[in-house]
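Below is one structure, written out as structure tokens, with a few remarks after it.
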Amino acid sequence: MSKLLIVDDELDVREFAANFFRKRKIEVITASNGQEALALFENKKPDLILLDIKMEGMDGIEVLRYIREKDKIIPIVMVTGKEPQEDEALKRCKELGVLDYIHKPLELDELERVVLSVLH
């Protein structure tokens, strides 16, 4: 079974996405912050990571940078509330090899298309 790690500091976003993918027979693990995400990445070895950029403490770009030091190929999709063209973060994320960039509020069809293209 494919394993998806969802990292977001908003509980409702995490649970909404997790429930959506569990119904599609994907194993979902969730993290509410960067430190938790890194621990789960090390221990659970997910097949794909949905990673929020804006989080308290360690932000998504720091998490992304750390993961890329350990694993250059795991697919990572960044989640943001900003439009990418106005955000310096997009450039940094692309340099670190993200698969895609999804905006909040999450559009289920876009989310499903991106995630299922990797996991199925």
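The values are calculated or read from the model by the stated rules, or taken from the named source; none is laboratory data. Keep in mind the model is a prediction, meaning the values are calculated, not measured. FYI the Cβ positions are ideal-geometry reconstructions off the backbone, even for glycines, and counts take in every protein chain you see.
Does the stretch 104-115 contain any residue that is exposed (fewer than 11 other Cβ atoms within 10 Å of the Cβ), more than 11 Å from the chain's Cα centre (by Cα), modelled with pLDDT of 90 or more and not β-branched (Val, Ile, Thr)? Within the stretch 104-115, one or more residues are exposed (fewer than 11 other Cβ atoms within 10 Å of the Cβ), more than 11 Å from the chain's Cα centre (by Cα), modelled with pLDDT of 90 or more and not β-branched (Val, Ile, Thr).
What about ILE67, is it modelled with pLDDT of 95 or more, under 21 Å from VAL28 (Cα atoms) and among the β-branched types (Val, Ile, Thr)? Reasoning before the result, please.
On the way: modelled with pLDDT of 95 or more: yes; under 21 Å from VAL28 (Cα atoms): yes; among the β-branched types (Val, Ile, Thr): yes.
Yes; evaluated as a whole, the condition is true for this residue.
How many residues, within the stretch 25-35, are crowded, with 20+ Cβ neighbours inside 10 Å and more than 16 Å from ASP12 (Cα to Cα)? The total comes to 1. If I ask for residues that are surrounded by 15 or more Cβ atoms within 10 Å (Cβ to Cβ) and either touching a residue at least 60 places away in the same chain (Cβ under 8 Å) or touching a helix residue (DSSP H, G or I) at 6+ places or on another chain (Cβ under 9 Å) (or both), which ones from the stretch 36-46 would you list? ALA37, LEU38, PHE41, PRO46 - these are the residues of the stretch 36-46 that are surrounded by 15 or more Cβ atoms within 10 Å (Cβ to Cβ) and either touching a residue at least 60 places away in the same chain (Cβ under 8 Å) or touching a helix residue (DSSP H, G or I) at 6+ places or on another chain (Cβ under 9 Å) (or both).
Figure legend. Inter-residue proximity from the stretch 91-117: first residues touching a residue at least 60 places away in the same chain (Cβ under 8 Å) and within 15 Å of PHE16 (Cα to Cα), second residues in a strand (DSSP E or B) and of a type in the set (Asp, Glu), beta-carbon distance below 9 Å, spacing 6+ or different chains. Indicated pairs: LYS104/ASP52. Inside the stretch 9-23, residues that are assigned to a helix (DSSP H, G or I) and exposed (fewer than 14 other Cβ atoms within 10 Å of the Cβ) make up a count of 4.
Go through the stretch 54-64 and count every residue that is loosely packed, with under 13 Cβ neighbours inside 10 Å and either more than 15 Å from VAL13 (Cβ to Cβ) or in contact with a His (Cβ under 7 Å, 6 or more places away or on another chain) (or both). Show your work before the answer.
Step one: list which residues in the stretch 54-64 are loosely packed, with under 13 Cβ neighbours inside 10 Å, which gives 56-57.
Those left that are additionally either more than 15 Å from VAL13 (Cβ to Cβ) or in contact with a His (Cβ under 7 Å, 6 or more places away or on another chain) (or both): 57.
Final tally of qualifying residues: 1.
Report yes if ARG24 is of a type in the set (D, E, K, R) and touching a helix residue (DSSP H, G or I) at 6+ places or on another chain (Cβ under 9 Å), otherwise no. Give the derivation first.
Values: of a type in the set (D, E, K, R): yes; touching a helix residue (DSSP H, G or I) at 6+ places or on another chain (Cβ under 9 Å): yes.
When the stated conditions are applied, ARG24 passes them.
Yes or no, residue by residue, for (1) modelled with pLDDT under 95; (2) out of contact with any helix residue (DSSP H, G or I) (no Cβ under 6 Å at 6 or more places or on another chain):
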site	(1), (2)
LEU48	no, no
VAL63	no, no
ILE74	no, yes
MET78	yes, no
PRO84	yes, no
